[in-house]
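J.: Let me begin by handing over the structure; questions about it come next.
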Amino acid sequence: MQSDETTPLILPTTSAARNPQAADSASSEHSTKSRSRKALSVIMSASTFWKAGAIYGAAAVGLGAFGAHGLKRRITDPAKIDNWKTAANYQLVHSVVLLMARENPAASVLFITGMTMFSGSIYALTLDTERFRWMGPVTPLGGLCLIAGWLAMAFTKGRVRF
């Protein structure tokens, strides 16, 4: 079997090779790590990211429609309406990108985090600036996560596996 960047490499420790009890301990530790890795791979599977992208996309369409129709009854400031549109547009675009990046867990996690922080904070700040003032610094952090997601797609080419 050839090793590539996605093949895990597990080497026996020298103490495990010399001591059978240490070997049993190492085997148990490997089994625990294997179960943890398997659980993580289920959580971070392509189908999970596909579902998340579809849900975020549906939410973006709904929130965009609310911004175009229902929000105008509550908020009259055109700048706030534009902010809402920006949040919905970024969420929709990155939902589609998440569908495409579902095989790349690093990029997918960054896109989900970025959409939640970036768009979510803008939605909250648009609805009630005073109440959610503390979320102001969250918006640029979400933007950085979105940028990092794009960079993860550029430099990992799907090779990242958990």
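The values are calculated or read from the model by the stated rules, or taken from the named source; none is laboratory data. Since this is a predicted model, take the numbers as computed values, not measurements. Here the Cβ positions follow ideal geometry from the backbone for every residue, glycine too, while neighbour counts run over all protein chains shown. Accessible surface is based on the protein model in full, side chains and every heavy atom, while ligands, DNA and RNA are left aside. Shrake-Rupley method; radii C 1.70, N 1.55, O 1.52, S 1.80 Å.
J.: Would you check which residues across segment 106-117 are polar (S, T, N, Q) and open to solvent by less than 20 Å² (accessible area, probe 1.4 Å) and list them? Give the derivation first.
T.: So the first thing to find is which residues in segment 106-117 are polar (S, T, N, Q), and the list is 108, 113, 116.
Residue satisfying the conditions is S108 alone.
J.: Let me ask another. Kindly evaluate E103 against the criterion of being among the charged types (D, E, K, R), closer than 19 Å to T48 by Cα and open to solvent by 70 Å² or more (accessible area, probe 1.4 Å). Even if it seems obvious, please write down each step before you answer.
T.: On the way: among the charged types (D, E, K, R): yes; closer than 19 Å to T48 by Cα: yes; open to solvent by 70 Å² or more (accessible area, probe 1.4 Å): yes.
Yes: the conditions hold for E103.
J.: Among residues belonging to segment 72-94 that are surrounded by 18 or more Cβ atoms within 10 Å (Cβ to Cβ) and small (G, A, S), point out the one that is farthest from A54 (Cα to Cα).
T.: Out of the qualifying residues, it is A87.
J.: Turning to a different aspect of this structure: Sort out which residues of segment 118-137 are surrounded by fewer than 21 Cβ atoms within 10 Å (Cβ to Cβ) and within 18 Å of the chain's Cα centre (by Cα), and write them in order of number.
T.: G120
J.: Conditions first: (1) within 23 Å of P140 (Cβ to Cβ); (2) surrounded by fewer than 18 Cβ atoms within 10 Å (Cβ to Cβ); (3) touching a residue at least 40 places away in the same chain (Cβ under 8 Å). A54 passes all but one, so which condition is the exception?
T.: (1)
J.: Which ones in segment 30-50 are at pLDDT below 90, in a helix (DSSP H, G or I) and under 11 Å from S108 (Cβ atoms)?
T.: A46
J.: Given (1) surrounded by fewer than 18 Cβ atoms within 10 Å (Cβ to Cβ); (2) at pLDDT 90 or above; (3) not hydrophobic (A, V, I, L, M, F, W, C), identify the lone condition not met by D24.
T.: Condition (2) is where D24 drops out.
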